[in-house]
Amino acid sequence: MRFTDEHRLLRDAVRDLVEREINPHVDEWEAARSFPAHALFKIFGRAGYLGITKPHAYGGMELDWSYAMVMAEALGHARCGAVPMAIGVQTDMCTPALARFGSDELKREFLAPSIAGDLVGSIGVSESVAGSDVAAIKTTAVKDGGDYVVRGEKMWITNGIQADWMCCLVNTSDDPPHRNKSLIVVPLDAPGVERSTKLEKLGMWASDTAQIFFDGVRVPQRYRIGDEGMGFTYQMMQFQEERLWGAANVLTALEDLIQDTIDYARQRRAFGRAILDNQVVHFRLAELQTEIEALRSLVYRATELLVAGDDVTLLASMAKLKAGRLARQVSDACLQYWGGQGYMWESPVARAYRDCRLMSIGGGADEVMLSIICKHQGTLPGTGG
Ligand SMILES: Cc1cc2nc3c(=O)[nH]c(=O)nc-3n(C[C@H](O)[C@H](O)[C@H](O)COP(=O)(O)OP(=O)(O)OC[C@H]3O[C@@H](n4cnc5c(N)ncnc54)[C@H](O)[C@@H]3O)c2cc1C
């Protein structure tokens, strides 16, 4: 993928916004275990960055996904993983299916204000009984008059405390599990919605995460996204963007971490020389930098194919798997070279170590990515020739 001047302009502008509107507040937001989503999203919305790939008709820029990828990379310069993740949920996790399959009316009601930064969205797939096995979710939406009545619960929902709406995967029939699901928009101020208190997490502290309960929540049937029974398929499509976004976002975050580590190890001395001057240290950092560049090539290739209209499930899964593995390796190696200072709770490398751990779990665990890759290889039991 070759960057145009437009890509470079967008990258620099988003990075500039990150430096002005996110980084000065990161320590405060991490300590508060939350960031002001509505205020920050309004700033990003005004700049147009919450609708890069979305149609003009709903306030978007209508650019191709390579620009969303550029924004994901630029957001990686935030000094925490939590805030970029929350923005990524809004731009590339809870809105792609709505933009693709939602009715005009639904898009005017939920997509346009989300692009403007007036509404905060969330994606509700995981439940306390079903995370990796998406087909096994239990939440139901049963038709009653012109409504659906939703019962069930969603777990570990990013933006869950502050979100105004959820793109929610529910069972709408007793058909087989891949054909009985629908995506519906659930307004989170509807009667019958209850949110847990903020869940305490290992990392991603500034992002608010909640469990959300639905007890007979009435949602108009016109809030269904696309066709009934197509929810599983729509969600699998939406996962392509989510997983590629995650892989793109981690590239710059890991590069910044390596650079911070080089700076630290250059000034920190042991046995009469800088820590960095040990070959084992600078070789390891060079090796990891090379791995990041290899991941970048995979992300860019997948992006190019996605933009061309191909199904990139295989490459997006490979990128997500590699990103999860690499995020753990890089943050672990860097923490090692910071020594005792790296182990301190408040050190930036400790934050990165905690945040990076999510990459191998959230949005599909490494093993789920491996299962998808195996399906394509024909090596998963029951899928071979
Ligand atoms: C901070 C955070 C934010 C999140 N945000 C959201 C959100 O906004 N919306 C949402 O819907 N979900 C969200 N999630 C949920 C996340 O997507 C799930 O945690 C993830 O998909 C894994 O599901 P699980 O936790 O139920 O793991 P399980 O399904 O219980 O699996 C546990 C572990 O078992 C292993 N495993 C699973 N399947 C296999 C297999 N076939 N073979 C071998 N090993 C296997 C994996 O190592 C996996 O990590 C979030 C999670 C976290 C921690």
Compactness summary of region 122-227: radius of gyration and Dmax from Cα atoms, Å, are 13.4, 44
Largest fluctuation, Gly226, Gly246, Gly160 only, Gaussian network model of the chain with Cα springs under 10 angstrom, belongs to Gly226
Expressed in Å to one decimal, the Kirkwood Rh of region 1-78 from all distinct alpha-carbon pairs is 13.3
Percent of all alpha-carbon pairs of the chain at distances over 39 Å, whole number, is 16
Free-by-geometry Cys in the chain, Cβ-Cβ under 4.7 Å as pairing rule, reported as Cys80, Cys168, Cys334, Cys356, Cys374
Counting sequence-distant residues (5 or more places) and residues on other chains, those with an amide H built under 5 Å from that of Asp208 are Phe35, Asn159
Going residue by residue through region 247-255, the Karplus relation 6.51 cos²θ - 1.76 cosθ + 1.60 with θ = phi - 60° gives ³J(HN,Hα) values, rounded to whole Hz and with x marking Gly or Pro, of 5, 5, 5, 6, 4, 6, 4, 6, 5
For region 233-377, using Cα atoms only, the Rg and Dmax in Å read 17.0, 60
Projected onto the charge dipole of region 233-377 (unit charges on the beta-carbon of Lys, Arg, Asp and Glu, signs +1, +1, -1, -1), the Cα from Ser317, Met344, Ala365 with the largest positive-side position is that of Met344
Karplus-derived 3J(HN,Hα) from phi for region 11-27 (6.51 cos²θ - 1.76 cosθ + 1.60, θ = phi - 60°), whole Hz, x at Gly and Pro, runs 4, 5, 5, 5, 4, 4, 5, 4, 5, 8, 9, 10, 4, x, 10, 4, 4
In order over region 292-297: 3J(HN,Hα) from phi, Karplus 6.51/-1.76/1.60, θ = phi - 60°, whole Hz, x for each Gly or Pro, gives 4, 5, 5, 5, 4, 4
Excluding near-sequence neighbours (fewer than 8 apart on one chain), the chain holds lysine pairs with C-alpha atoms under 24 Å apart numbering 22
Candidates Leu17, Leu183, Leu254; GNM for the chain (alpha-carbon contacts under 10 Å) flags as most fluctuating Leu17
Residues whose modelled amide H sits under 5 Å from the amide H of Tyr148, counting only those 5 or more places away in sequence or on another chain, are Val219, Gln221
One finds the C-alpha centres of region 77-132 and region 261-278 to be spaced, in Å, by 43
Charge dipole of the chain built from unit charges on the beta carbon (Lys, Arg +1; Asp, Glu -1), centred at mean Cα; most positive-end Cα among His282, Leu50, Gly60 is His282
Treating only Lys and Arg (+1) and Asp and Glu (-1) as charged, each at its beta carbon, one finds that the chain has a dipole about its Cα centre, in Debye to the nearest 20, of 540
Rounded to the nearest Å, the spacing of the alpha-carbon centers of region 287-305 and region 37-68 is 25
Protection proxy (average C-beta count within 10 Å per residue), highest first, orders 144-151, 269-276, 63-70 as 63-70, 144-151, 269-276
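A short reminder: the numbers here are calculations on the coordinates, not readings from a lab. What you are looking at is a predicted structure, and each value in this text was computed from that prediction instead of being measured. Glycine also receives a Cβ, built like all others from the backbone with ideal geometry; neighbour counts cover every protein chain displayed.
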